[in-house]
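I have placed the structure first, in the form of structure tokens, so that the comments after it can refer back to it.
The values are calculated or read from the model by the stated rules, or taken from the named source; none is laboratory data. The shown structure was predicted, so the numbers you read here are calculated from the model rather than taken from an experiment. Neighbour counts run over all protein chains shown; Cβ positions are idealised from the backbone, glycine included. To get the accessible areas, we keep the full protein, side chains included, count just its heavy atoms, and leave off ligands, DNA and RNA. Shrake-Rupley method; radii C 1.70, N 1.55, O 1.52, S 1.80 Å.
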Amino acid sequence: MFALSSGMPPAAIGVVRISGPGAGEALRALAGRLPDARRASLAELKDADGAALDRALILWFPGPATATGEDLAELHLHGGRAVVAAVEAALGVIPGLRRADPGEFTRRAFENGRIDLAEAEGLADLLAAETESQRVQALGMASGHVSRAVAAWQDRLLHLMAGAEAELNFADEDDVEVGEGAAQRLVAGMGGLAAELGTWLERPAAEVIAEGLSVVIAGPPNAGKSTLINALAQRELAIVSPIEGTTRDVIETPLALDGIAMRFSDTAGIRAEGADVVEAIGIDRARAAVEAADILLWLGSPKDAPAHPRAILVAAQADRWRGDAAAEARAAHCDLTLSAATGVGLDRLHAYIVAMARTLLPREGEAALRQRQRAALAEAKDWLTIVAGSREAGDLILLAERLRLAATALDRITGRAGVEEMLDALFGRFCIGK
């Protein structure tokens, strides 16, 4: 298979990648030779009729130590549209060679054991990253941060599984350590591992970083919500009018503050009376958005603020009420004073939002799990959690089955099975296969 693996032309360079058992023959067909492995070489590329295609750098990577785990060739072309199209056309007529499907190079890498499923997911996130926090998180995943943690958990599980098998099937062997309290030792080991998995499950989900934190601007009618979102977005996103009920739906826009992806939402003014049927629907949607928000910017009176764990109380429209004693008294109970129209206080609001957002993101060096990975980890934790004094806590057979099911759940994170590894641990560590 082959495909353009760099950006769409025109560009300075166009990199065409060829992978599979026919990669070497394809390179010979165009360049007339195979260069030394893993060394760039200048070559004249020609099509099947001998017509010149381009003067390019060619590279040859014999498998399996390649990105895809199979023979791999690269053509570093001049990145013009016509050049790339001509080379792709020449490759397309070579017998046994075809265009790669979307994501097929990464899939081959996974199928050939060059990367695991978690690393493949991280690579996909890295390609889609638009903010610094997304890049850092995806790079950690693609670099194997989660995979290494899973490997360490699997190693501990294999040790526990091997111990359980030894107690059940090989207790009469001289070099197998047995004795009373085997089940208690297993339960203790399982409990320790379950606790560690629990700390990972307490971390923020990766989707929070990938999709962006939800920041909802809410308050009564004419509180300055639309003016604020326009100021944050630096464009006329929402209609600003002195007429109450102008905003009747949730208006959302993606923004990045200090490299953190966020989704800001302007909502209908929340009031108890006076709304028509359509505005009432908008108010219901506003309340739903407030409940689902990661961060709430409340622009109304502090005493009317909805109960929310991460609310920032904003005394908005400061340019209008300066000198109003009642308004200034209310502002004293807010987190900050703001005038979106003049820009006064926007920098402080920015800092408030970013500081609160960082409490919802993984700390530096921590990896976050995707929903699929979290579900598998939670299942493994459940299998490892034993109620003290229960019948299961003293039954080696049931404990061994729980360990097996926990291992199966962890395998789903990386997409790799662990049966052979369990057998290696069983015979290698306990010398049973002597």
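Structure above, values below:
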| quantity | calculated |
| --- | --- |
| Qualifying residue in the range 353-360 (condition: exposed (fewer than 12 other Cβ atoms within 10 Å of the Cβ), farther than 30 Å from GLU202 by Cβ and out of contact with any helix residue (DSSP H, G or I) (no Cβ under 7 Å at 6 or more places or on another chain)) | no |
| Selection from the range 348-398 of residues that are assigned to a loop (DSSP other than H, G, I, E, B) and of a type in the set (Asp, Glu) | GLU364, GLU366, ASP395 |
| Given (1) of a type in the set (Asp, Glu); (2) free of Cβ contacts under 8 Å to residues at least 12 places away in the same chain; (3) within 18 Å of ALA223 (Cβ to Cβ), index of the condition ASP347 fails | (3) |
| Selection within the range 250-271 - open to solvent by 20 Å² or more (accessible area, probe 1.4 Å), within 20 Å of ALA286 (Cα to Cα) and assigned to a loop (DSSP other than H, G, I, E, B) | VAL250, ILE270, ARG271 |
| Residue list for the range 361-384, restricted to those being at pLDDT below 85 and surrounded by fewer than 15 Cβ atoms within 10 Å (Cβ to Cβ) | ARG363, GLU364, GLY365, GLU366 |
| Residue that is nearest to GLY300 (Cα to Cα) [pool: residues in the range 330-349 that are in contact with a Leu (Cβ under 6 Å, 6 or more places away or on another chain) and open to solvent by 30 Å² or more (accessible area, probe 1.4 Å)] | ASP335 |
| Residue in the range 343-359 that is at pLDDT below 95, in contact with a Gly (Cβ under 7 Å, 6 or more places away or on another chain) and of a type in the set (A, V, I, L, M) present | no |
| All positions within the range 283-334 that are in a helix (DSSP H, G or I), over 15 Å from PRO220 (Cβ atoms) and among the acidic types (Asp, Glu) | ASP284, GLU291, ASP319, GLU328 |
| Condition broken by GLY140, with the remaining ones in (1) exposed (fewer than 15 other Cβ atoms within 10 Å of the Cβ); (2) more than 17 Å from SER5 (Cβ to Cβ) satisfied | (1) |
| Per-region count, the range 272-302, residues surrounded by fewer than 17 Cβ atoms within 10 Å (Cβ to Cβ) and among the hydrophobic types (A, V, I, L, M, F, W, C) | 7 |
| Matching entry among VAL387, VAL419 (being surrounded by fewer than 15 Cβ atoms within 10 Å (Cβ to Cβ), under 19 Å from GLU167 (Cα atoms) and at pLDDT below 90) | VAL419 |
